[in-house]
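Down below is the structure, laid out as structure tokens.
The values are calculated or read from the model by the stated rules, or taken from the named source; none is laboratory data. None of these values were measured; they are calculated from a predicted model. All Cβ positions, even for glycine, are placed from backbone atoms using ideal geometry, and neighbour counts span all protein chains on display. Areas reflect the complete protein model, heavy atoms only, side chains present, ligands, DNA and RNA absent. Shrake-Rupley method; radii C 1.70, N 1.55, O 1.52, S 1.80 Å.
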Amino acid sequence: MKIETLRWFNNRLEMIDQRILPAAFEYLSYYTASSVAEGIRSMVVRGAPAIGVAAAYGVALEALHLSEEPSTLRQAQGERVGFNKGMEEGFKVLAASRPTAVNLFWALQRMRKVWESVAAQTPQQVAQRLLAEAHEILAEDIRINKAMGAHGAALLKDGARVLTHCNAGALATAGWGTALGVFRSAVEAGKKISVIADETRPFLQGARLTAWEMVQENIPVTLITDNMAGYMMAHGEVDAVVVGTDRVAANGDVANKIGTYMVAVLAQWHNIPFYVACPLSTIDLNIASGKDIPIEERSVEEVKGFRDYHWAAEGVKIRNPAFDVTPAELVTGLITERGVVLKPDVQSIRKLFG
Ligand code: MRU
């Protein structure tokens, strides 16, 4: 089954509602930047590259929507103040949707550059150009994931048992996936690999999404709770770890789903390679080290219980940081579309960008 996390259909963006997977499979439709921002904020779509693609479509949708307003048509003849103001608001609401995944800001910057390059054209022409760019970002993401997949698959031996955390699959991208893309490519290359999926408390991306994706593809997968990773490693049941990332700093520090750091420390202790599948759009050269990466703190309700049922003691103080930072020293290699960077540091990362 080909998973189309986001798709353009009948002049609107459709996104799989990942909050209800795997119990139900449904698409939701989006027409404006603010509705896409709400889809990102509420986790209908999640995963760094998918958030970036959604934001790009959010900008295009806003341009289409504004260009259809009668006042905007009038502006085509002269002042385009209303269109520009609406577009700025669209960018602002999208940028405020989630803080950690840099792909969101990367995509917004790319869309802004395109907008600036055609600013003299009519709003309708601007909207069509922005839509074409959003389509290109989506297609490019899949191409990049396949390139990363090929580089990463070469690192896994036949029969490898690979542990992953969170969901860095087709659902976290426009398709194929980053970490799960490496597994898909390894299988496509004829390797018999098996996956160990951390449940990934509290949002359960591992249990709900990674496990579902692997089951759909008939890739052998075993689900464990997060606190079982050490046991599996100590018993020689893990050959490698491959995870995705939301932002990599210029020195190679890696922000990813909360719990990733714990897995990296365990992997080093047990001498197990720890790889991070990372498109270049996830590397933030403006951030010197991981300590400057903004970490989202989500609602305590996610930790307290599920929906109306609370298992935590009433009155207890709860924290819910959604991401953590793994220092570069713990990373065996970054798998990028331009190849694998072993022991990433400032120099090797800068080299990647030529
Ligand atoms: O909170 P989420 O589900 O958006 O977090 C997702 C992750 O942490 C993924 O591992 C990361 O975005 C890499 S996705 C290719």
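Things to note:
- Of all DSSP beta bridges in the chain, antiparallel share, percent nearest 5: 55
- DSSP bridge orientation in region 199-354 - percent antiparallel, rounded to nearest 5: 60
- Projecting label points 7 angstrom from Cα along Cα→Cβ for MET228 and GLN121 puts them 5.3 nm apart.
- When its C-alpha radius of gyration is set against 2.2 N^0.38 Å (N residues), region 149-353 gives a value of 1.00.
- Each listed q (0.26 Å⁻¹) maps to a log10 I(q)/I(0) for region 170-256 from the Debye sum over equal C-alpha point scatterers, namely -1.45.
- Each Cα pair under 8 Å and six or more residues apart adds its separation to the average, and for the chain the resulting relative contact order is 16 percent.
- Overall Cα dimensions of region 94-174, principal axis frame, Å, largest first: 57, 25, 16
- Region 6-145 - Rg and Dmax from Cα coordinates, angstrom: 14.7, 52
- Take the Cα of ASN11, step 7 Å toward its Cβ, do the same at ALA96, and the gap between the two points is 2.9 nm.
- Interatomic Cα distance distribution for the chain, bins of 20 angstrom, percent: 31, 56, 13, 0
- Taking 0.36 nm per residue of sequence separation and removing the Cα-Cα distance, the PHE353/GLU136 pair yields an extension gain of 76.1 nm.
- For the pair LYS291 and LEU28, label points projected 7 Å from Cα toward Cβ lie 3.8 nm apart.
- Per residue, the accessible area of region 87-225 comes to 37 Å² when a 1.4 Å probe rolls over the protein heavy atoms.
- For region 116-129, backbone phi angles converted through the Karplus equation (6.51, -1.76, 1.60; θ = phi - 60°) give residue-by-residue couplings of 4, 6, 10, 4, 7, 7, 5, x, 5, 5, 4, 4, 5, 5 Hz, Gly and Pro being listed as x.
- Non-local lysine pairs in the chain, meaning eight or more places apart or on different chains, with alpha-carbon distances under 23 Å, amount to 22.
- For LEU223, nonlocal amide neighbours, meaning residues 5 or more places apart or on other chains whose placed amide H falls under 5 Å from its own, are ALA197.
- Gain upon complete extension [ASP158, GLU38; 0.36 nm per residue less C-alpha separation]: 39.0 nm
- Surface composition of the chain: carbon and sulfur atoms hold 55% of the protein heavy-atom accessible area at a 1.4 Å probe.
- Residue-averaged [θ]222 nm for the chain, counting only DSSP H segments that reach four residues, each worth -39500 (n - 2.57): -12500 deg cm²/dmol
- Dividing the Cα radius of gyration of region 108-227 by its Kirkwood radius returns 1.15 for Rg/Rh.
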